[in-house]
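These notes are about the structure you will find just below.
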Amino acid sequence: MATCIDIALLLVLLATVLACFRILKGPTLPDRIVAVDLFGVLAVALIALLALHMGQPVLVDAAIALALVAFFGTVAYARYVERRAQEEISDDRR
């Protein structure tokens, strides 16, 4: 079981590095925002795996709190993009 958790931790860390690369090099703003969202998901996964590895169930609470913050951030970004698109449409009609 510990070996599986160790492998999962390494894979999550590798995915985190790739997400950081996309955040820095993403060609468009939506690409970067999706990468930031992915980074949040990977952070939740990392905390959950560490909770399993260390036998500390209290870390699961931290993972849930981080997941909520990441979710609200994604919703806020989606609303921002929607408003921005509506403003561009209204500007084009003028």
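Only the coordinates and a few stated rules stand behind these numbers; no lab work does. Computed from a predicted model, the values in this text were never measured in an experiment. Virtual Cβ from ideal backbone geometry, glycine too; neighbours counted across all protein chains shown.
Toward the positive end of the charge dipole of the chain, about the Cα centre and with charges on Cβ (Lys, Arg +1; Asp, Glu -1), which of Leu14, Pro57, Ala35 goes farthest? Most positive-ward Cα: Ala35. Taking the average, over residues, of other Cβ atoms within 10 Å as the packing measure, peptides 1-8, 36-43, 13-20 rank 36-43, 13-20, 1-8 from highest down.
What do you get for the angle between helix 29-54 and the principal long axis of the chain? Use alpha-carbon atoms, 0 to 90 degrees, nearest ten. Approximately 20 degrees, to the nearest ten.
With angles folded into 0 to 90 degrees, how steeply does helix 58-93 sit against the dominant principal axis of the chain? Use alpha carbons for both and round to 10. The two axes meet at around 10 degrees. Taking the square roots of five times each eigenvalue of the Cα gyration tensor of region 1-53, the equivalent ellipsoid has semi-axes of 25, 10, 5 Å, listed largest first.
Comparing the chain with the 2.2 N^0.38 Å rule of thumb, its C-alpha radius of gyration ratio is 1.41 (two decimals).
Among Val12, Val34, Val81, the largest mean-square fluctuation in a Gaussian network model of the chain (Cα springs under 10 Å) belongs to Val81.
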